[in-house]
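The values are calculated or read from the model by the stated rules, or taken from the named source; none is laboratory data. Since this is a predicted model, take the numbers as computed values, not measurements. All Cβ positions, even for glycine, are placed from backbone atoms using ideal geometry, and neighbour counts span all protein chains on display. Heads up: the accessible areas ignore ligands, DNA and RNA and are worked out on the full protein's heavy atoms, side chains in. Shrake-Rupley method; radii C 1.70, N 1.55, O 1.52, S 1.80 Å.
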Amino acid sequence: MNYDEKLKCSEIYEIFSGIQTKPENWNETAVDHLAEIVSKAAHCTKGTRFTPKPVGSMPGWGWLVGYCYDVIKSESFRNKHKFYDICMKTSALGKRTEIELAFD
């Protein structure tokens with residue numbers, strides 16, 4: 001990895017975790033863990049566009065006007081950036097230690 005690639009990893013990691021790192025700390029193992037964080041956040045962000053179906057039964061009108069309506073009307077649902085932030089921070093939580101242990 002060249003310095004510019006390592007610098008990009010530092011910037012991405014800071015965006016996702018809020019933690020600043022030195023570009024020279026990054027290696028392929030640490031970047032693989034960072035890629036997992038980004039992948040999980042992307043999956044999470046995509047998933048927030050859909051309301052989960054009820055467990056064990058077909059969705060009905062009660063579910064639609066009760067659960068779905070509340071989710072759609074909620075402030076966090078309408079504020080995409082909040083969801084993106086939640087997805088990013090949550091996806092980074094489990095990998096921070098692995099990344100830091102992988103640093104040179």
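Kindly report, to the nearest 10 Å², the accessible surface of S17 as traced by a 1.4 Å probe over protein heavy atoms only.
20 Å²
Starting from the Cα of E100, step 7 Å along the direction of its Cβ; do the same at E28; then give the gap between the two resulting points in nm.
Here the modelled spin labels are 2.6 nm apart.
Using only the Cα atoms, work out Rg/Rh for region 1-44, with Rh taken as the Kirkwood radius, to two decimals.
0.96
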